[in-house]
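The values are calculated or read from the model by the stated rules, or taken from the named source; none is laboratory data. A quick note: this is a predicted structure, and the numbers were derived from the prediction, not measured. As a convention, Cβ positions derive from the backbone with ideal geometry for all residues, glycine included, and neighbour counts pool all protein chains shown. Heavy atoms of the whole protein, side chains included, go into the accessibility calculation; ligands, DNA and RNA do not. Shrake-Rupley method; radii C 1.70, N 1.55, O 1.52, S 1.80 Å.
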Amino acid sequence: MKPDIILAFDTSAAHCAAALLLGGQDDGQVWLKTEAMEKGQAERLMPLILDLLAESGVVLADVTALAVGTGPGNFTGVRIAVAAARGLALGLGVPAIGVTRLEAMAYGLPRPVTVIEDARRGEVYVQRFELDGPGVARIVAVEALDAVEGSVAGQNGLHSLPIAEAIARIALSRLGSVQPRPAPFYLRGADAAPPSDPPPVILDLVEP
C-alpha cells in the first residue's frame with residue numbers, strides 16, 4: 001500500500017509556505033519551503049509548490065490529499081490559499097482539509113496551551129487548547145487579555161513546528177474522516193469598504 005502524500009500550504013500571513021509530508025506521523029519525510037512576503041502570494045504560490053515537488057521528486061499526480069491554512073490572518077492571503085486548495089483538489093480528485101492557523105500553532109505542544117497571535121490594530125487572536133479539545137477562538141484587545149493559565153504559544157511563547165508542516169500533520173490525522181470543504185476562518189469583518197461611486201443606471205430598452 002502506497003504511503004499518503006500530503007501537500008500543505010499557507011498564505012495567511014506575510015509569507016508563502018508549503019510542506020510535503022510523505023509517510024506516517026512518526027516516520028514520515030518532510031520537505032519545507034517558505035518565503036517571506038507581504039504581498040504577491042497569488043503569483044508565487046504555485047511556482048513555490050512546483051519547486052517543492054521538484055526537490056522532493058514527487059509529481060503532483062502522486063499527492064493523495066491537500067491541506068491548507070484557513071486563517072485567521074490576512075484576508076486576501078487566506079482566500080488565495082483556500083481557492084488554490086479547492087481547485088487542486090477538484091483537479092486531482094483528492095480530499096482537501098482545512099486547518100486553522102491557531103490549531104497549527106498549538107500542534108505538538110503540551111496541553112493545556114493557549115495560542116496568542118498578533119491580529120494587528122492592538123488586538124490578538126486567542127484560543128485555548130485543553131486536553132479534551134480546543135476552546136472557542138476569539139479576538140480581543142491586547143490590554144484586555146486576562147491572566148493566562150498554563151503554557152502560552154505564539155507571541156514570545158512556545159513554538160510548534162513550522163506552520164506548513166503542522167498543517168500537513170494535522171491533515172494526516174484527519175484522513176479517513178468526513179471533512180468539510182476548506183473555507184476561510186475569519187474572526188474579524190472584512191477590511192474592504194463598499195464602493196463610493198453611485199450605482200450604474202439601468203436603462204429600459206424595451207420599446208412601448
### Query
Only one residue in GLU38, GLU55, GLU43 is open to solvent by 60 Å² or more (accessible area, probe 1.4 Å) and either in a loop (DSSP other than H, G, I, E, B) or aromatic (Phe, Trp, Tyr) (or both). Which one?
GLU38
### Query
Is it the case that the stretch 27-35 has a residue that's hydrophobic (A, V, I, L, M, F, W, C), in a helix (DSSP H, G or I), at pLDDT 95 or above and more than 24 Å from VAL115 (Cα to Cα)?
no
### Task
Could you please tell me which pairs satisfy a Cβ distance under 6 Å, a separation of 6+ or placement on different chains, a first residue in the stretch 103-125 that is in contact (Cβ under 8 Å) with a residue 12 or more places away in the chain and within 15 Å of LEU161 (Cβ to Cβ), and a second residue that is of a type in the set (Val, Ile, Thr) and in a strand (DSSP E or B)?
MET105/VAL115; ALA106/VAL113; ALA106/VAL115
#### Entry: Whichever residue in the stretch 58-83 is small (Gly, Ala, Ser) and crowded, with 21+ Cβ neighbours inside 10 Å and, among such residues, is farthest from LEU22 (Cα to Cα)
GLY73
### Task
Would you check which residues across the stretch 155-177 are surrounded by 15 or more Cβ atoms within 10 Å (Cβ to Cβ) and either without any contact (Cβ under 8 Å) to a residue 60 or more places away in the chain or assigned to a loop (DSSP other than H, G, I, E, B) (or both) and list them?
GLY157, LEU158, SER160, LEU161, PRO162
### Query
Can you tell me which of ALA61, ALA19, ALA67, ALA8 is in a helix (DSSP H, G or I), under 24 Å from SER173 (Cα atoms) and out of contact with any Lys or Arg (no Cβ under 6 Å at 6 or more places or on another chain)?
ALA61
### Query
Do we have any residue at all in the stretch 151-168 that's closer than 30 Å to TRP31 by Cα, of a type outside the set (Gly, Ala, Ser), touching a Pro at 6+ places or on another chain (Cβ under 8 Å) and at pLDDT 80 or above?
no
